[in-house]
Amino acid sequence: ETGVTQSPTHLIKTRGQQVTLRCSSQSGHNTVSWYQQALGQGPQFIFQYYREEENGRGNFPPRFSGLQFPNYSSELNVNALELDDSALYLCASTGGQNTDTQYFGPGTRLTVL
Amino acid sequence: GENVEQHPSTLSVQEGDSAVIKCTYSDSASNYFPWYKQELGKGPQLIIDIRSNVGEKKDQRIAVTLNKTAKHFSLHITETQPEDSAVYFCAASNIRVREYGNKLVFGAGTILRVKS
């Protein structure tokens, strides 16, 4: 186990709704990255937060937004949900003595109907 | 931007045989190459990684090789066991460019089945 936790485990929403996903990073880690993993594909980078600031963003529209809190936990918010947003959302934390390795949580499975 | 291709997409081996998964990357600035194992219903778990200043790294039954000139790297699993069955992902990153974020670019994955 990596010590990275995510909630909720599963979520079902309808098109047009908004969703908030949560991630608690591993103790001592100050960087959180979010990835979207569609079924049968590799994870795709959404964005990264370092010390509460966005520190890089992938090719995702502005309706994907995030926050990082002083305790380094993080939220991913998605507005105006589309059917294609259905995926496993993964967060990964980095920090401590090894600033390269990203440790992933178990993910949140989002289904948009 | 970086693009990572991974082959094969599926691989079936007999227990005890070796398995090799290959990846190629496009951005010569990439300098960090991790491999992740993902089991059903779980997040990816790091199994081994290699940095561009090293050509090979080994950890028990798992080894990774890197050819910077050809821009490809490979995962080798020896003496495969049924519990090695999972989806394996390679990834590439440029960890020096901190201002762009340490994003990982993943391959599409390889489904490894170890038959007993």
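Brief remarks on what is shown
- Accessible area of chain B belonging to carbon and sulfur atoms, whole % at 1.4 Å probe: 48
- Over all other residues within a Cβ to Cβ distance under 13 Å of A:Val19, the charged ones net out to +2, with Lys and Arg as +1 and Asp and Glu as -1.
- For A:His10, B:His72, the ranking by accessible surface with the largest value first comes to A:His10, B:His72, using a 1.4 Å probe.
- For the pair the range A:23-53 / the range B:15-91, the C-alpha centres are spaced 21 Å from each other.
- Dipole magnitude (debye, nearest 20) for chain A, charges at Cβ of Lys, Arg, Asp, Glu: 240
- Accessible area expressed per residue, chain B, with surrounding protein chains retained (probe 1.4 Å, Å²): 50
- Burial of 20 Å² or greater, the range A:98-113 residues [accessible area, probe 1.4 Å, versus chain by itself]: A:Thr99, A:Asp100, A:Thr101, A:Gln102, A:Phe104, A:Pro106
- Accessible area per residue for chain A is 48 Å², calculated with a 1.4 Å probe on protein heavy atoms, without ligands, DNA or RNA.
- Sequence-separation-based contact order of chain B, relative, with Cα cut under 8 Å and 6+ spacing, percent: 36
- Each of A:Ala80, A:Ser25, A:Gln68 was scored by the projection of its Cα onto the charge dipole of the protein assembly as shown, and the greatest displacement toward the positive side belongs to A:Ala80; charges sit on the C-beta of Lys, Arg, Asp and Glu.
- Reachable aspartates and glutamates, given that their alpha-carbon falls under 14 Å from the alpha-carbon of A:Lys13 and they are not under 8 places away in the same chain: A:Glu82, A:Asp84, A:Asp85
- Debye, to nearest 20: dipole size of the range B:1-108, +1 on Lys, Arg Cβ, -1 on Asp, Glu Cβ: 460
The values are calculated or read from the model by the stated rules, or taken from the named source; none is laboratory data. No experiment lies behind these values; they were computed from the predicted model shown. We place every Cβ from the backbone using ideal geometry, glycine too, and count neighbours over all the protein chains shown. The area values use the complete protein model at the heavy-atom level, side chains included, leaving out ligands, DNA and RNA. Shrake-Rupley method; radii C 1.70, N 1.55, O 1.52, S 1.80 Å.
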